Amino acid sequence: MMQRAEALELVKGHVSKEGNVKHMIAVGAVMRETASRLGRDEDLWEVTGILHDIDFEECHGMEDHTLMACDILRKKVPEEVLQAILAHNSEATKVPVDNELKRGLVAADAVSGLVLACTLVIPSKKLADVKVKSVIKKFGNKDFARGVDRQRIMCCEQLGIPRDDFLQVALDGMVKRSDELGL
C-alpha cells in the first residue's frame with residue numbers, strides 16, 4: 001500500500017495549485033479520523049482521501065474526472081481505492097457509493113469544504129478556534145458555503161456516524177493537519 005508521503009509526492013507531480021493540494025490533504029485528514037472512529041485502516045483511508053482529486057487539473061470536466069485518476073493510480077493502489085475514487089464522482093462514472101470507504105470519501109470530500117468555510121469566516125482563521133456548534137449551525141444555513149453539498153455530507157449516517165458527530169470528526173481530523181493546511 002502506498003504511504004502518505006508517497007501519495008503527497010504523486011499529487012504534487014499532477015496538481016500545481018496549492019489550494020487543490022490543501023483540499024486533498026484536508027480530505028485525507030477527515031478520512032483518517034473517520035477510519036479511526038470506525039476502526040478501519042487509517043492509512044488506507046487517508047491515502048484514498050489524498051489521491052481522490054489527483055486528476056482535477058488534468059481532466060476536462062466532471063465527465064472524465066476520476067477516470068484519469070484511475071489511469072494515473074492503476075497498479076499503485078489497491079482496487080478498492082480506485083473504486084472509491086470513481087464512486088466520489090458517481091454521477092458521471094455510475095460507480096455506486098455502496099461501501100464504507102466510498103461513503104467516507106463522498107462525505108469527507110464535502111465536509112472538508114464546510115469546515116474550511118467556517119474557518120475562513122472567523123477572525124483568527126485557525127481551525128483550532130472553530131467550534132463544532134458553529135459548524136452545525138452553518139450546516140443548516142443553505143446560504144453559507146453554497147457549493148457544499150449537504151446531502152453528500154449526510155453519507156456519514158450510512159456509516160453509522162450521526163451528522164453532528166461527523167462534523168466533530170471532520171473538524172478534529174483537519175485540526176491535526178492544521179500546520180500543513182496553513183490554518
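Every number here is computed from the coordinates shown, using simple stated rules; none is lab data. Quick caveat: nothing in here was measured; it's all calculated off a predicted structure. Because the Cβ atoms are built from the backbone with ideal geometry, glycine has one as well, and the counts that use them run over all protein chains shown.
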- Task: Residue by residue through the range 75-104, note down the ones that are in contact (Cβ under 8 Å) with a residue 40 or more places away in the chain, in contact with a helix residue (DSSP H, G or I) (Cβ under 6 Å, 6 or more places away or on another chain) and either more than 20 Å from M1 (Cα to Cα) or among the aliphatic types (A, V, I, L, M) (or both).
- Result: V97, L101, R103
- Is there any pair linking a residue in the range 132-144 that is over 19 Å from V175 (Cα atoms) to one that is part of a helix (DSSP H, G or I), with Cβ under 6 Å and at least six apart or on different chains, and which? F144/K138
- Item | Every residue from the range 105-126 that is crowded, with 19+ Cβ neighbours inside 10 Å and either charged (D, E, K, R) or closer than 19 Å to Q3 by Cα (or both) | L105, D109
- Item | Sole exception among (1) surrounded by 14 or more Cβ atoms within 10 Å (Cβ to Cβ); (2) free of Cβ contacts under 8 Å to residues at least 12 places away in the same chain; (3) assigned to a loop (DSSP other than H, G, I, E, B) for E157, by number | (3)
- Working only within the range 128-143, note down all residues that are outside any helix (DSSP H, G or I) and over 28 Å from A84 (Cα atoms). V130, K131, N141, D143
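Per-residue answers, yes or no, for (1) touching a residue at least 24 places away in the same chain (Cβ under 8 Å); (2) under 16 Å from the mean Cα position of the chain (by Cα):
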site	(1), (2)
M1	yes, no
L10	yes, no
K17	yes, no
A35	yes, yes
T48	yes, yes
E63	yes, no
A69	no, yes
